[in-house]
Amino acid sequence: MNDSSEPIQMLERRFNLFPARFTWRGRIYHVDAVNECKTMSGRSDSCGMHHYWVRSGSQRFHLCEIFPRSDWLIYQDSQE
């Protein structure tokens, strides 16, 4: 996996957890499916990252939420 990432803005979530709609590079993406998710936490459970591998149309993306800040990233290994 390429470690290069860019910030995105999460516009909507399903069940207050899964990504549903986000903006990246000026475009809005609707998430059709969450294919996989994984949580990685630090030494305490109060900080970490939620990783989501999602599909929007024919494109696949690797999204990441840094918690507790709720900052979102998209990894460059995503298919544009």
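Computed from the coordinates by the stated procedures, all read-outs in this text should not be read as laboratory data. Small disclaimer: the values here were computed from a predicted structure and weren't measured. Cβ sites come from the backbone with ideal geometry, for glycine too, and all protein chains shown count toward neighbours.
Tabulated results
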{"item": "Test: residue in the range 2-13 that is in a strand (DSSP E or B), under 16 Å from Phe67 (Cβ atoms) and free of Cβ contacts under 8 Å to residues at least 60 places away in the same chain", "result": "yes"}
{"item": "Sole exception among (1) at negative phi; (2) over 13 Å from the mean Cα position of the chain (by Cα) for Gly26, by number", "result": "(1)"}
{"item": "Among residues of the range 26-64, those that are in a loop (DSSP other than H, G, I, E, B) and without any contact (Cβ under 8 Å) to a residue 12 or more places away in the chain, counted", "result": "6"}
